[in-house]
Amino acid sequence: MSEATRVAVPAPSRAEYCVIACAEAWRGAGEILASPMGLIPSVGARLARLTFAPDLLLTDGEALLVGPDGTVEGWLPYRQHLTLAAGGRRHVMMGASQIDRFGNQNISCVGDWSRPTRQLLGVRGATLNTLNHPTSYWIPKHSRRVFVEQVDMVCGVGYDHADGARYHHLARVVSDLGVFDFATPDHSMRLASLHPGVTPDQVREATGFDLAVGAEVPYTREPTETELRLIREVLDPAGTRSREVPDPPAVT
C-alpha cells in the first residue's frame, strides 16, 4: 500500500490509555491469579496475558481457568483458589466508592456506618483481599466524591491500617485522569503518571486530599501498534471501553 492510500490509525483514546495503565499492574507478575473487576480492567488483564505477561492465570469468575478469548484451559477448585488468594499469588483490581490518601477503600456505605445515608455493596472480600495479596484499584470517574480525605468505612485496608501484613501491597490506582501509587516515604498516594491531555492541576482539583505530585510527572505510556490492534480488533471490537471512559470534549 502506498503512503498516499495508507489509512491513518486513529490516535489512542482516553479509554485505551486506561486499558494500558490497568494492564501494567500485572507486568512482571509471573504465574499468579489475575482478578480484574470491571470492563477496562478485564480488557487490561487479557491484554497483559496476550503480550508481556503470558503466565497470568485468568478465570471465568467461578471455577474455570480461561484464556483471553474465554477458551477453557483448566479447572480451579475452590480450595486452590483460596490457597492462591491467601498466599500472595493473586492480584485483584477492585473498584472504590471512596479511597483516601493511604489507600483505604470504602465500598460499604456513605455516612456514619451506624446510620449511613447510603448503603453500597458491603465490605465483601475487600479486607482479606488487601491483606492477603497485591491489590490495585480502578476508578472510571475521578472526583472529590471518590478521592476523599477519610473514607466513611474501611473495607480495603490502606497503608496506615495494614500493621505490616505480609502480603499487603497496593500496587496502583488507575482513574480516567492518571495513574497513582504509594511510592512515598509515608506511603501516601502519589501521582505517578498523567493520561495525555490531563494536567496536574486538573488532578489536584478533582482530589479531596493533598496529593504528592513531583516537579515533573510523566505521561502514561503509549500503546504499541500491536496492543492497539488487540484492543480494537480482538478484545473489545464493539468499543464498549469508550462508554465507560468517553474521550473528553475537544478544546476549542
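Can you give me the distance in nm between label points at Phe52 and Glu31, each placed 7 Å from the Cα along the Cα-to-Cβ direction?
2.2
Let me check something: with ligands and nucleic acids excluded, how do Leu50, Leu170 order by accessible area (1.4 Å probe), largest to smallest?
Values: Leu50 80, Leu170 5 Å².
Listed by decreasing accessible area, they come as Leu50, Leu170.
Arrange the residues Asp186, Asp210 by how much accessible surface each exposes, largest first, with a 1.4 angstrom probe. Don't skip to the answer; put the middle values down first.
Numbers: Asp186 90, Asp210 130 Å².
Final ranking, largest accessible area leading: Asp210, Asp186.
To the nearest 0.05, what FRET efficiency results for Ala215 and Thr184 with a Förster distance of 22 Å applied to their C-beta separation? Don't skip to the answer; put the middle values down first.
Working: r = 14 Å, r/R0 = 0.65.
Efficiency, from the Cβ-Cβ distance: 0.95.
Just the number please: accessible area per residue for the chain, 1.4 Å probe, all protein chains included, in Å².
Working: 13010 Å² over 252 residues.
Value for the chain: 52 Å² per residue.
Which residue, chosen from Tyr137, Gly74, Ala250, occupies the Cα position most advanced towards the positive end of the dipole of the chain, where the dipole is computed from +1 (Lys, Arg) and -1 (Asp, Glu) charges on Cβ about the Cα centre?
It is Gly74.
So for the chain, what percent of the C-alpha to C-alpha distances run longer than 25 Å? Show your work: numbers first, answer last.
Values: 14062 of 31626 pairs.
Roughly 44 percent, once rounded to a whole number.
What residues of segment 11-41 lie in the reach of a label at Arg229, counting those whose backbone N is under 20 Å from a point 7 Å from the Cα along Cα→Cβ?
11-13, 16-17, 19-20
Within the chain, which is the longest segment containing none of the trypsin sites (Lys or Arg not before Pro) that sit in a DSSP loop and have at most 11 other Cβ atoms within 10 Å?
Working: sites that count: Arg6, Arg27, Arg166.
Result for the longest clean stretch: 28-165.
For the chain, the longest stretch holding no GluC sites (Glu not before Pro) located in a DSSP loop with at most 10 other Cβ atoms within 10 Å is which?
Details: sites that count: Glu3, Glu62, Glu216.
Longest site-free region, per DSSP loop and neighbour criteria: 63-215.
Ignoring everything except DSSP H segments at least 4 long, calculate the 222 nm mean residue ellipticity for the chain; use -39,500 (n - 2.57) per segment, divide by total residues, nearest 500.
The per-residue figure over the chain is -5500 deg cm²/dmol.
At 7 Å along Cα-to-Cβ for each site, give me the label-to-label distance between Arg145 and Tyr78 in nm.
Result for the modelled spin labels: 3.6 nm.
If you bin the C-alpha pair distances of segment 117-252 every 5 Å from 0, what whole percents do you get?
Values per bin, smallest distances first: 2, 8, 15, 20, 19, 15, 13, 6, 2, 0, 0.
Out of all DSSP beta bridges with both ends in the chain, state the antiparallel percent to the nearest 5.
Working: 16 of 31 bridges.
Antiparallel bridges: around 50 percent, rounded to the nearest 5.
Give me the net charge for the shell around Tyr167: Cβ to Cβ below 11 angstrom, other residues only, Lys and Arg +1, Asp and Glu -1.
Working: positive: Arg89, Arg90, Arg166; negative: none.
Its environment carries a net charge of +3.
Got a sec? What order do Thr184, Thr199 fall in by accessible area at 1.4 Å, biggest, i.e. largest, first? Walk me through the intermediate numbers first.
Working: Thr184 25, Thr199 60 Å².
Greatest to least solvent exposure: Thr199, Thr184.
The values are calculated or read from the model by the stated rules, or taken from the named source; none is laboratory data. Treat the numbers as computed from the prediction; the structure is a model and nothing was measured. Backbone-built Cβ (ideal geometry, glycine too); neighbour counts: all protein chains shown. Ligands, DNA and RNA are excluded from the accessible area calculation, which covers all protein heavy atoms including side chains. Shrake-Rupley method; radii C 1.70, N 1.55, O 1.52, S 1.80 Å.
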